[in-house]
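What follows is one structure encoded as structure tokens, with my remarks underneath.
Nothing in this text is a laboratory measurement; each read-out follows from the coordinates by a stated rule. From a predicted model like this one, the values you see are computed outputs, not experimental measurements. Positions of Cβ are generated from backbone atoms using ideal geometry, with glycine treated the same way; all protein chains shown enter the neighbour counts.
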Amino acid sequence: MTGVGGAVIDAVPPAVKDWAVAVFGTADKLALLVGMGLAIAVLAALAGLMEWRRRFAGSAVIGIFGVVGLVAVLGRAQVTGNAVALPLLAAATGILVLRWLISRLRDWTTSATAGERPAPAAAPAAAPIAGGTPAPDAGRGAGPDRRRFLQALGGGAVVATIGGALAAGLRGAAAGVSEIRSKLALPSAAFPASPVPAGAELRLDGMDPLVTPNRDFYRIDTALTVPAVDPDTWVLRVTGMVEREIELDFATLLAKPMTERHVTIACVSNEVGGDLVGNALWLGWPVRELLALAGPTGGADMVLSRSKDGWTAGTPLEALTDDRDALIAVGMNGEPLPLEHGFPVRLVVPGLYGYVSATKWLTELKVTRFADDVGYWTPRGWSERGPIKTSSRIDVPRAGRAVRAGTVAFGGVAWAQHTGISKVELRVNRGDWLAVELAPGISRDTWYQWQLSLPLTPGQYEIQVRATDLNGMPQVEERSQVAPDGATGFHTIRVDVTP
Ligand SMILES: Nc1nc2c(c(=O)[nH]1)N[C@H]1C(S)=C(S)[C@@H](COP(=O)(O)O)O[C@H]1N2
Ligand SMILES: [Mo]
């Protein structure tokens with residue numbers, strides 16, 4: 001299934017993807033959905049043609065895809081009842097609609113041909129191919145119809161069995177890995193995270209927590225089924241422009257002195273004001289330690305990290321070797337990485353968007369050069385380099401929500417990874433910028449919370465926020481799309497203040 005998804009993504013021309021990104025704002029999954037939509041349209045046309053020529057042939061095709069969908073759903077780590085019912089329902093509906101359309105079409109063509117030709121000549125010619133032709137000779141159609149129906153049913157059963165076995169295999173692998181994960185005990189950190197400063201978390205109603213719980217953490221990847229990676233057989237290979245190639249297994253990795261750090265990671269597809277950003281406590285071994293053992297050779301300037309499912313990211317070598325503590329991470333908020341977030345091992349690099357750094361289900365680090373290699377998204381319309389842009393967001397009150405006149409509490413987050421935030425300001429109806437209360441950040445690599453209370457009389461207001469980093473650089477005001485290297489512009493909300 002991952003293969004199908006990958007093939008679909010690869011089949012989407014960059015122009016279509018840019019269009020999808022411009023229209024929908026998010027990358028991978030939506031581009032995939034657009035691609036799937038096109039594929040489904042082609043398939044539907046094909047099914048229609050087949051059904052026209054041979055009764056139930058098109059229906060069988062739709063049925064097969066229903067089962068494929070079911071396999072994909074069952075392959076996910078978490079399966080919900082809805083998700084199981086959906087592909088089956090979709091297939092059933094598709095078949096019914098197809099049958100109905102075909103019968104309408106036949107009615108239409110038979111009445112059309114009946115007008116052109118003398119009726120006696122048309123009937124024998126149409127009978128052998130058009131099993132679905134209603135009159136003129138209903139008795140003759142029943143035999144072949146029943147046989148074809150039974151054939152289709154038999155074919156469907158075979159496909160369902162194969163699909164079921166596949167799904168069971170995928171489920172079994174995911175369940176097995178889940179089981180291993182739940183029994184895994186992570187080592188404690190040799191270098192624990194600096195404690196969260198007092199007051200870093202503002203207790204404002206409706207604010208997201210300062211540290212994002214795993215279950216609420218955004219998820220972005222091209223994987224249709226979560227790769228099931230058994231830590232017992234997992235190895236990380238360091239290859240390419242190195243003095244010594246290295247193979248690191250999981251037990252060896254866990255025995256290394258672990259570093260724990262809060263890092264806010266973000267997706268390049270995050271819209272202004274969007275939620276494809278999250279802050280977690282990561283546990284891992286610094287990539288620079290491993291790279292130091294391998295010894296990158298002169299001229300190398302990039303590390304191409306590869307996932308179990310073949311996805312790649314191209315990260316500047318420097319970001320992995322400097323003091324920012326880029327991690328080969330095994331822990332997220334005190335537990336092993338959730339399967340969706342890269343179990344057993346992923347990369348976390350402060351300051352860079354996920355698509356150029358945060359490889360999940362990590363299997364290889366190839367030391368190379370930007371001139372020689374590219375990460376997965378670069379030839380697909382995204383920049384080679386992806387430093388996270390300084391951003392800020394209003395979370396309270398929620399956009400478009402009515403609030404009571406009086407003292408209105410505003411709050412949100414701001415981030416400028418690896419530089420840090422120096423100030424956040426708010427303005428009402430494009431008036432003067434007002435300084436807000438900025439909570440102390442956990443570190444330069446995490447987001448900061450902010451709040452401000454304003455006395456507001458009834459009416460409609462436009463509220464904007466902007467952040468300035470610790471180098472004094474303000475957030476970019478000019479609006480830009482997420483492609484090719486991240487959105488810019490001030491988060492702007494409308495608030496209705498009622499009496
Ligand atoms: N294997 C793999 N790793 C991946 C991706 C992917 O598609 N495949 N997507 C990247 C992108 S674009 C982002 S933003 C982050 C998201 O990490 P999360 O899902 O844990 O939030 O993962 C990165 N790592
Ligand atoms: Mo991303």
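Table for the structure above
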quantity: Separation of the residue 89 and residue 492 label points, Cα + 7 Å toward Cβ, nm; calculated: 3.9
quantity: Residues 389, 360, 183 arranged by fewest to most Cβ contacts within 10 Å; calculated: 183, 389, 360
quantity: Total charge dipole magnitude, region 371-477, about the Cα centre, Cβ charges on Lys, Arg, Asp, Glu only, Debye to nearest 20; calculated: 420
quantity: Sequence of 432, 325 once ranked by neighbouring C-beta atoms within 10 Å, starting from the fewest; calculated: 432, 325
quantity: Net dipole in debye of region 264-396 [+1 Lys, Arg Cβ; -1 Asp, Glu Cβ; about Cα centre; nearest 20]; calculated: 180
quantity: Cleavage-rule hits (GluC sites (Glu not before Pro)) in region 445-499: DSSP loop, at most 15 neighbouring Cβ within 10 angstrom; calculated: 477, 478
quantity: Relative contact order (%) - criterion: Cα under 8 Å, at least six apart; region: region 316-431; calculated: 19
quantity: Cα pair count fraction exceeding 20 Å, expressed as % - region 350-499; calculated: 56
quantity: Kirkwood-type radius of region 230-356, with distances r between different C-alpha atoms, in Å; calculated: 15.2
quantity: Unit charges at the beta carbon, dipole of region 222-370: most positive-side option, 224, 248, 238; calculated: 238
quantity: Least to most buried among 495, 42 (fewest other Cβ within 10 Å first); calculated: 42, 495
quantity: Mean separation of Cα contacts under 8 Å, 6 or more apart, over the residue count of region 355-499: relative contact order %; calculated: 27
quantity: Region 152-258: translational diffusion in µm²/s, Stokes-Einstein, Kirkwood Rh over Cα pairs, 25 °C, 0.890 mPa s; calculated: 128
